[in-house]
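The values are calculated or read from the model by the stated rules, or taken from the named source; none is laboratory data. Computed from a predicted structure; not experimentally measured. Note: ideal-geometry Cβ built from the backbone for every residue, glycine included; neighbour counts use all protein chains shown.
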Amino acid sequence: MSEKVKVTIDGITVEVEPGTTILNAARQIGGDIVPPAMCYYSKLEGSGGKCRTCIVKVSKGSEKDPRPMPKLVASCRTTVMDGMEVQNITSPEVMEARAGVVEILLINHPLDCPVCDQAGECDLQNLGYEHGLQKTRYEFERRTFERIDIGDKIQLHMNRCILCYRCVFTADQITNKRVHGILNRGDHSEISTYIQTAVDNDFSGNVIDVCPVGALTDKTFRFKNRVWFTKPVDAHRDCPTCSGKVTLWYKGADVLRVTARKDIYGEVEEFICNTCRFEKKKTDDWVLEHPTHISDASVISSNHYETMIPLPVIQENLRLQEANKVELEKTAKF
Amino acid sequence: MLKVEEQQPVEFSPALITKFDEISSRYPEGKQKSALLPMLHEVQAELGWLSAAAMDKVADYLKIEPIEVYEVASFYSMYFLKPQGKYTLEVCRTGPCCLVGAEKVMDHIEQTLGVKEGEVTADGLFSWRGVECLAACGFGPVLQIGPEYTFYENLDEQKVDTLIAELRKK
Amino acid sequence: MARKLLLEHINVPGINTLDVYRQKGGYRAVEKALKTLTPDEVVEEVKKSGLRGRGGAGFPTGMKWSFLAKPEGVARYLVCNADESEPGTFKDRYLMTYIPHALIEGMIVASYALGAKTSYIYVRGEMMPQIRILERAIAEAKAAGFLGKNILGTGYDLELYVQPGGGAYICGEETALLESLEGKRGNPRIKPPFPAIAGLYGCPTVVNNVESIAAVVPIINDGGDEYTKIGIGRSTGTKLISASGNLVKPGVYEIELGLPVEEFIYSDEYCGGIANGKRLKATVAGGSSVPVLPANLTLKLANGEPRLMSYESLSEGGFATGTMMGSGGFIAFDEDQCIVRNTWNFSRFYHHESCGQCSPCREGTGWMEKVLHRIEHGHGKMSDIDLLVDVSRKIEGNTICPLGDAAAWPVASAIRHFRDEFEWHVREPLKSQETNYGIAKYAEPIAKAEVTTDN
């Protein structure tokens, strides 16, 4: 067993396994010092390094070689060394550079949040809110792509894409056949299938969950509701294809959307299959567990849980209410 | 995006397949995907451009997914994903060539051929485009014509006229 | 007359054939290395020579070789980077066209030193004629027993292949080149791991520029010590300089490192001065990526001493008053050239060639190009100039590969040294469409008061 290495991030020291990246070491500490990640995804091999939002300053390389690293580094792809000292939010240089990356990610973004289904759970929106400028210095027409249809399950809005490559890694690593990829080069790069074909196999829906922006959204949920008006509930079912552990997004008694469960960094806990995601949209299909924990900082949590107890299904079902009267009163008091 | 119904089937000549075999023998076993770029050059030399059907056949030969071929073909600037003129004049438009008159040469080609960059003349003979540095800066302005990428150096309007006249006669 | 190591026999008729090349002493290095030296001894000679990578970064070649991992039972590869695409650089094309065997011979010796059994020369696809030339030369060498199984009876086997690229400047970056050689998009890899540990097909790999590999031949023939006698300081040996732009005699020249820049531009042995009797306004000394310098700083250091063609002298003064050797692509601008237009042109190049992986480079190069286009065409604003500097800073140092830096430096340096010309374009939008700003004060002797050095 190899010995753990010590790394200090923004003054907080943590011991981690050798080979851990700075980002993952920061996630072990948790809280505000965790760099944001738009392209890195811990469940996808080879991801990261591209978006540059997670850049940090290494002010001391290691105990053995204390020289600082000459440039800011992508924390998601830089492994820690024993004695390394890293600055993230305590470095003005990092904050300035990150604000620069955010500005650059937004120059060609359509900013169509008012009509985007991702709004409210969009990493770019959060990032823009935290680091963005009030207005852009970009005075040219924004880049647009021809709309393409990739099937009846997944909606592709290329104009919103930040080219994180996560969906490509997902298709390569989670599904059995990749039919979409990155075409062209430079700022003309686009997600496409090239010839008209549907992105459709047992696990293809996961590209929706990994997409940090509104480039890939659930067509079956399209324009149905704003996510902050829907109420997430963790549920499971006995699924022969996947773990069956999901989050159901309710509006009233209707399940509008099914997604995988996500952790505090927005990553899915377990990938789910398309049957669970697209075809099981009745409460009867599921065993409900509890309301999903949503961070206080999220707009989704703003007006939820007072009406989540009892669950909407129970609220509308008098027989259930009658049968569980005592229990329901207890919870209401609590 | 291409519609499926627009696809035209293609046939590769036996000579091309033999060439494929020779190319893929250059790489260690299991690494035949390395043959992709040279194979696409060969296909383009034979067919003039890379249709989706042609790329699918290449994918089939290399036992890779078609999207892997589309991704590669669209990344590199030399592969034509649309039909071109029989002769595509590719003029270097980068700094050093512009210092010695590349822009004039391009204007002249546009006027002489009567088509804009990227378009094909009505007779199907010519198309032209500006390309980035061709690494012949000391001999500029330069242009090249595929599939063997024959080079024409120290160009001026007169030399372009002569070249176009010669190509027409061929 | 300066010593020539690579181009000595360039004018000999038929030097592109094996027979003539051998008559002129060709393939001696292969015989010497394979028959009398161990691989480690070859590496040692190259280390001793002080040869620095000729592709642009200037990293010591011998050192790079000695970093190569040598795990048991794992293949090692040597890949020659002949994806010459840096604007202003055309020396490798020249070398491969006229003396292909110099590269082949270097490849054999270098492959032997590294223990590679299969080596590739990755040539940019546009150089199809050079690919044919190399393929023919390889066939000749193989027929003569310099390639294939049991070379010269020494038991060393080597296969050498030429790989065409598909048209992408980014494939000149070594990890993008390896990706491309594996049949993928030319997206640079995140380092570490470096190719010396995990390169082609995940195996230890060395990637060297054409000229670096060709330079191994004279180093082995004459010894590393002999090589260090040419040149100056840590810039040893000779270097091919591609001279282009407004020169009387543009072309490829082999110089002894340490030659004064002034002599290179004006002497008849080299470029013969500025064409059409005009005056020199500015130069880009090492390929489009390096900072552009006005004429006065090209010829003289900030302290008034002559600037030399060497890695150290060209970068003297840092980016404030210096530039870089780069790949040796020397571009000269005469007094009637427009720096703004050229900066826009270079910026378009980097925009076109960005692979699109890292967001700062993907989006930032396009942004810079659009702003520069606006200034050049008379629609610019004064604030655009600072905006450009700011955007270039956001790209620089913040990408996986050095293309971001290469895109940022020409813009930042043009504004650093030629700000008045940019401002003139904004102030005189109509006039700037018809005339040029001219030579201004760019060629005037550096005033004493302006002398600033970093130390």
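A few notes on this one:
- With respect to (1) outside any loop (DSSP other than H, G, I, E, B); (2) more than 8 Å from every other protein chain (Cβ to nearest Cβ); (3) touching a residue at least 24 places away in the same chain (Cβ under 8 Å); (4) farther than 15 Å from A:Arg137 by Cβ, the lone exception for C:Asp420 is condition (3).
- Scanning the range A:114-138 for residues that are part of a helix (DSSP H, G or I) and either farther than 21 Å from A:Asp296 by Cβ or in the same structural domain as A:Tyr41 (by the TED database) (or both) yields a count of 2.
- Number of positions in the range A:161-194 that are in a helix (DSSP H, G or I), buried (at least 23 other Cβ atoms within 10 Å of the Cβ) and either within 14 Å of chain C (Cβ to nearest Cβ) or acidic (Asp, Glu) (or both): 2
- Per-region count, the range B:133-170, residues crowded, with 22+ Cβ neighbours inside 10 Å, of a type outside the set (A, V, I, L, M, F, W, C) and in a loop (DSSP other than H, G, I, E, B): 2
- Listed by position, the helices (runs of 4 or more DSSP H) inside the range C:235-337 whose residues that are of a type in the set (Phe, Trp, Tyr) and more than 14 Å from chain B (Cβ to nearest Cβ) number at least 1 are C:261-266, C:311-315, C:318-321.
- Candidates A:Ala119, A:Ala99 - the one that is surrounded by fewer than 19 Cβ atoms within 10 Å (Cβ to Cβ), more than 12 Å from every other protein chain (Cβ to nearest Cβ) and of a type in the set (A, V, I, L, M): A:Ala119
- Flag for C:Val292 being under 18 Å from C:Arg54 (Cβ atoms) and under 16 Å from the mean Cα position of the chain (by Cα): no
- Qualifying residue in the range C:346-359 (condition: in contact with a helix residue (DSSP H, G or I) (Cβ under 8 Å, 6 or more places away or on another chain), buried (at least 24 other Cβ atoms within 10 Å of the Cβ) and more than 14 Å from chain A (Cβ to nearest Cβ)): yes
- Screening the range A:49-99 for residues that are of a type in the set (Ser, Thr, Tyr) and in a loop (DSSP other than H, G, I, E, B) and picking the one that is farthest from A:Ile12 (Cα to Cα) gives A:Thr53.
- Whether a residue is in a loop (DSSP other than H, G, I, E, B) and closer than 22 Å to C:Cys171 by Cβ was assessed, and B:Ala122 does not pass this test.
- The range C:175-230, residues that are among the β-branched types (Val, Ile, Thr), assigned to a loop (DSSP other than H, G, I, E, B) and either without any contact (Cβ under 8 Å) to a residue 40 or more places away in the chain or within 19 Å of C:Ala69 (Cα to Cα) (or both): C:Ile190, C:Ile197
- Residue check, C:Val43 crowded, with 17+ Cβ neighbours inside 10 Å and either assigned to a loop (DSSP other than H, G, I, E, B) or under 27 Å from the mean Cα position of the chain (by Cα) (or both): yes
- Members of the range C:150-160 that are within 14 Å of chain B (Cβ to nearest Cβ) and surrounded by 19 or more Cβ atoms within 10 Å (Cβ to Cβ): C:Leu158, C:Leu160
- Condition check for C:Val292: assigned by TED's automatic domain parsing to the domain that holds C:Glu312 and touching a residue at least 60 places away in the same chain (Cβ under 8 Å): yes
- Among (1) surrounded by fewer than 23 Cβ atoms within 10 Å (Cβ to Cβ); (2) facing another protein chain (nearest Cβ under 8 Å); (3) over 17 Å from B:Val142 (Cβ atoms), the one test that B:Ser77 misses: (3)
- Of all residues making up the range C:417-434, the number that are crowded, with 16+ Cβ neighbours inside 10 Å and charged (D, E, K, R): 2
- Residue check, B:Lys82 in contact with a helix residue (DSSP H, G or I) (Cβ under 9 Å, 6 or more places away or on another chain), surrounded by fewer than 24 Cβ atoms within 10 Å (Cβ to Cβ) and not in a strand (DSSP E or B): no
- Criterion: on the phi > 0 side of the Ramachandran plot, touching a helix residue (DSSP H, G or I) at 6+ places or on another chain (Cβ under 9 Å) and among the hydroxyl-bearing types (Ser, Thr, Tyr) - qualifying residue of C:Tyr156, C:Tyr201, C:Tyr161, C:Tyr169: C:Tyr201
- Strands (runs of 3 or more DSSP E) wholly inside the range A:207-257 that include at least 1 residues being over 17 Å from the mean Cα position of the chain (by Cα), of a type in the set (Lys, Arg) and assigned by the TED database to the domain that holds A:Phe278: A:231-236, A:245-251
- Selected residue (criterion: nearest to the other protein chains (Cβ to nearest Cβ)) from residues of the range A:45-62 that are in contact (Cβ under 8 Å) with a residue 60 or more places away in the chain and small (Gly, Ala, Ser): A:Gly46
- Whichever residue in the range C:355-389 is within 12 Å of A:Val101 (Cα to Cα) and assigned to a helix (DSSP H, G or I) and, among such residues, is nearest to the chain's Cα centre (by Cα): C:Cys361
- Evaluated against (1) farther than 20 Å from B:Ser74 by Cα; (2) part of a loop (DSSP other than H, G, I, E, B), A:Thr197 falls short on exactly one condition, (1).
- The number of residues in the range B:93-106 that are outside any loop (DSSP other than H, G, I, E, B), more than 9 Å from chain C (Cβ to nearest Cβ) and in contact (Cβ under 8 Å) with a residue 24 or more places away in the chain comes to 4.
- Taken as a whole, the range B:67-90 holds no residue that is within 30 Å of C:Leu280 (Cβ to Cβ) and out of contact with any Phe, Trp or Tyr (no Cβ under 7 Å at 6 or more places or on another chain).
- From B:Glu42, B:Glu110, residue being modelled with pLDDT of 95 or more, assigned to a helix (DSSP H, G or I), more than 9 Å from every other protein chain (Cβ to nearest Cβ) and within 13 Å of the chain's Cα centre (by Cα): B:Glu42
- Residue within the range C:109-121 that is facing another protein chain (nearest Cβ under 9 Å), more than 18 Å from C:Leu7 (Cα to Cα) and either modelled with pLDDT under 95 or not in a helix (DSSP H, G or I) (or both) present: yes
- Residue match in the range A:196-207 (condition: touching a residue at least 24 places away in the same chain (Cβ under 8 Å), within 15 Å of A:Cys122 (Cα to Cα) and of a type outside the set (D, E, K, R)): yes
- Of all the residues in the range B:85-107, those that are more than 18 Å from the chain's Cα centre (by Cα), crowded, with 18+ Cβ neighbours inside 10 Å and of a type in the set (Gly, Ala, Ser) number 2.
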